[in-house]
Each structure stands twice: as structure tokens, then as C-alpha cells.
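The next block holds one structure in the form of C-alpha cells; read it before the comments.
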């Protein structure tokens, strides 16, 4: 594991199109089916990353708190499954069921989607508004899975951005990169 920060895709970027298999439903899903006319949270996660495991319950809470407000959530795993088979589609399906299948969990086998979104780590978070413009990217909150940082997992940064969008307010320009395990890229 190499501790990695988000690349911080420029605010205003239009969400790149994609179509990926959802390991929960075994259906191919596209941006048109996944994105909301209010806002969509795109999360690059994986099954084994301690940073993802640290926040997984908050991801479920966020989904429960905001889905009824018209926000959609989608998770994508882009790790190389030859080197990290624990992040493969079958394991993803198990992980999603443990989370209560709170959101689609897509498999980015070619890693093209991660590259299009300039994703760097797990977890890596992006919020796109109803026009598919990036309004937020970065961390969930300031907690980390380490004893030296005993801050609770609250989802504060993501929640503040979502609330601003829902209230037609400007999302704060002060956005901090997410930190986590690097995406496990295939050798080219």
C-alpha cells in the first residue's frame, strides 16, 4: 500500500461518460442511468483498502440520508485483479451485500474510467451536479484509520458539499484531497 492523495480534477469538469458492469445486479449501467438531475456522488473504492474499510459504514449512512433527497451514489473499483484478486467482481458482490447494496458497485476492468476521472486513490470522491459538472472532489472528512488521528468518521466534507448543492448554494472552494491506498494500476 502506498499512501496516495487525490489528483483533484478541476472543478467544472463534465463527468466523463462510461458504461460498466454492476457487480450487484450483473447489469451494464451507464452514466445516463446512474446520474441524478440533482447530484451524483462517484466513489472510487475497493474491497481491501483499510481507508475504505474505515469509512464504509459512513458511505451507507450517506446513501441512506441523501438518496431520498434525489442524490445518487455509485461506487467503482478499478484495481488490477490479477495482482489483487480480493478486489475482483465476485468479492465486490460480497462486499456490496455486506454494505446492504446501498449503491451500484461497478467494475472498471480496463481502468479507463479511473483514468478519465483522474482517480488516484481509494477512496476518492467526486460530486457532480444535475448538469454533470464537478462541484466537489476530495475527502469524505478528516478522519483516518490510524490511532494518531482519533477523529470520528462523520462524512462532514461530503455532507457540506451535498447540502450546498441541495440548497442551491456555492460549494466551498476549500476542498482537501482524499487520502488512501493508491489505485492498483495494471502494468502497461
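The values are calculated or read from the model by the stated rules, or taken from the named source; none is laboratory data. Since the model is a prediction, treat every value here as computed from it, not as a measurement. Cβ: placed from backbone, ideal geometry, glycine included. Neighbour counts: every protein chain shown.
Restricting 53, 11 to residues that are modelled with pLDDT of 95 or more and surrounded by 13 or more Cβ atoms within 10 Å (Cβ to Cβ) narrows the list to 11. Among the residues making up segment 97-119, those that are at pLDDT below 95 and in contact with a strand residue (DSSP E or B) (Cβ under 9 Å, 6 or more places away or on another chain) are 99, 102, 103. Residues considered: 163, 168. Of these, the only one that is under 11 Å from residue 39 (Cβ atoms), surrounded by fewer than 19 Cβ atoms within 10 Å (Cβ to Cβ) and at pLDDT 95 or above is 163. Among the residues of segment 132-160, the ones that are surrounded by fewer than 16 Cβ atoms within 10 Å (Cβ to Cβ) and touching a residue at least 24 places away in the same chain (Cβ under 8 Å) come to 4 in all. Inside segment 26-79, residues that are under 12 Å from the mean Cα position of the chain (by Cα), more than 20 Å from residue 144 (Cβ to Cβ) and in a loop (DSSP other than H, G, I, E, B) make up a count of 1.
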